[in-house]
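Colleague: Please see the structure below; I have some questions.
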Amino acid sequence: MLTREQVSEFKENGYLAVDRLLDYELDIQPVIDEYQQLLDDLCAQWVAQGRLPQTYSHLPFERRLVEVYRAGCRYEQAIDIALPNSAVQPDTPIHLGSAVFNLLRSPRLLAAVESLIGGEIYSNPIQHVRIKPPASVIAKKDVDRALVGRTHWHQDSGVALPDADDTEMVTCWVAVTEATVKNGCLQVLPKSHREGMSLHCTTVDQVGIPDALIPQEAAKPVPLSPGGVLFFHPLCKHASLDNSSDAFRWSFDLRYNPIGQASGRPHFPGFVAQSRLNPEAELDDFEEWARLWLDARDRLAQVDGVKTHRWDSQDPLCA
């Protein structure tokens, strides 16, 4: 559990960084191993399809990803743990592995979340994994793609539907690799959660607050070690720094809210991660979790699209 001082800091500033909260061997290493196997499978698939000249199995994980990216294989959706917000197809890739499910249910993570929102915890389906390459590798067309390039200034309430405006959501930004200023850690605006909802504009595949509304001089970078977690309020303004290093920056973006409150993405499946009042309601089967997402994919593939946020970008500041 978080200390009383840590909870007070979260409430005061709108965010809280806890380094090495997670156990590397229990929480992080299994995820890394799972993604190593996933990349093996993806490379073999892309070679069979003629999209990749070789599997690059002799290269380390990050070097393989560079070659995959340079070959034009869009790895970011294939490794993600949520469906895209539009153009869902019956075969849209999504990664639904047991190690990721165990991370979502990590007792160390849930204990900290309980300190902030109570013991009835719902795993919110607005979630992503981001394995971002160095900026020197990224093609110009991908600079503004949230899962590959920079993540613009935004509030997490701003990327959800209005039905979740009163939801006591908490975001948990989990560092898998070291997150530094040089490789693109998150930056936050302290106390910005007290300012209400800001205007967001739509870009290539994300929404963001116009730069004119962000006091850049007040931004505070938040570096973390592997297993560290940055918790923030849904109205806390935050963004990523550019990755100016020569290595990838790997993180998970997970969210939780009290059971029974709106998720902001009703078309995506969440689940009961912890219930002190009704433990039988907890989902502990990763195959059932995977089925929930695959069923959602089948359903969404039958519709033209669903509304995922409230913005139309008609404001002059969005020009």
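The values are calculated or read from the model by the stated rules, or taken from the named source; none is laboratory data. The structure presented is a predicted model; accordingly, all values stated were derived computationally and were not measured. Backbone-built Cβ (ideal geometry, glycine too); neighbour counts: all protein chains shown. Ligands, DNA and RNA are excluded from the accessible area calculation, which covers all protein heavy atoms including side chains. Shrake-Rupley method; radii C 1.70, N 1.55, O 1.52, S 1.80 Å.
Colleague: Go ahead and run the numbers for FRET between residue 204 and residue 282, Cβ-Cβ distance against an R0 of 41 Å, rounding to 0.05.
Modeller: The formula returns an efficiency of 0.65 here.
Colleague: How many angstrom separate the Cα center of the range 255-314 from the Cα center of the range 126-142?
Modeller: Taking the Cα centre of each part, the range 255-314 and the range 126-142 sit 25 Å apart.
Colleague: Quick one: of 132/182; 132/191; 141/307, which pairs are farther than 23 Å apart, Cα to Cα?
Modeller: Cα-Cα > 23 Å for 132/191; 141/307; rest within.
Colleague: OK, next. Can you give the net charge of the other residues whose Cβ lies under 12 Å from the Cβ of residue 63, counting K and R as +1 and D and E as -1?
Modeller: -1
Colleague: If you average the alpha carbon positions of the range 190-224 and of the range 148-182, how far apart do those two centres end up, in angstrom?
Modeller: 11
Colleague: Quantify, in whole percent, the carbon and sulfur part of the accessible surface of the range 1-43 (1.4 Å probe; protein heavy atoms only).
Modeller: 47
Colleague: Oh, and also: Which of 239, 48, 273 moves the most in a Gaussian network model of the chain with Cα springs under 10 Å?
Modeller: Result: 48 has the largest fluctuation of those listed.
Colleague: Between 115, 192, 136, find the one with the highest GNM mean-square fluctuation for the chain; connect C-alpha pairs within less than 10 Å.
Modeller: Residue with maximal mean-square fluctuation among 115, 192, 136: 136.
Colleague: Here is a further query. Using a Förster radius of 22 Å, what is the FRET efficiency between residue 294 and residue 40 based on their Cβ-Cβ separation? Nearest 0.05, please.
Modeller: 0.50
Colleague: Want the number for residue 306 to residue 166: 0.36 nm per residue separation, take away the alpha-carbon distance, what's left?
Modeller: Computed gain between residue 306 and residue 166 is 48.3 nm.
Colleague: Also: Just 67, 168, 217 to compare: in a GNM of the chain, with alpha carbon springs under 10 Å, which one fluctuates most?
Modeller: Looking only at 67, 168, 217, the biggest GNM fluctuation is shown by 217.
Colleague: Suppose every Lys and Arg Cβ carries +1 and every Asp and Glu Cβ carries -1, with no other charges. What dipole size does the range 171-312 come out with about its Cα centre, to the nearest 20 debye?
Modeller: Here the range 171-312 has a charge dipole of around 520 debye.
Colleague: Let a ≥ b ≥ c be the square roots of the eigenvalues of the Cα gyration tensor of the range 260-319; is it rounded (a/c under 1.5), or, if not, prolate (a/b larger than b/c) or oblate?
Modeller: oblate
Colleague: With the dipole of the range 1-125 worked out from charges on the C-beta (+1 for Lys and Arg, -1 for Asp and Glu) around the Cα centre, which of 28, 50, 124 lies farthest toward the positive end?
Modeller: Going by the charge dipole, the pick is 50.
Colleague: Roughly speaking, what is the stretch gain from residue 49 to residue 71, that is 0.36 nm per residue apart minus the C-alpha to C-alpha distance, in nm to one decimal?
Modeller: 6.7 nm
Colleague: While we're looking at this one, here's another question. Within the range 146-182, what residues put their amide N at less than 16 Å from the label point 7 Å along the Cα-to-Cβ vector of residue 246?
Modeller: Inside the label zone: 182.
Colleague: Taking the full set of protein chains and a 1.4 angstrom probe, give the accessible area of residue 66 in square angstrom, rounded to the nearest 10.
Modeller: Here the accessible area works out near 10 Å².
Colleague: Further, regarding this structure: Can you send over the carbon and sulfur percentage of the accessible area for the range 102-239, probe radius 1.4 Å, protein chains only?
Modeller: The value for the range 102-239 is 52 percent carbon and sulfur by accessible area.
Colleague: Tell me, what is the per residue accessible area of the chain in Å², probe radius 1.4 Å?
Modeller: With all protein chains present, the chain gives 44 Å² per residue.
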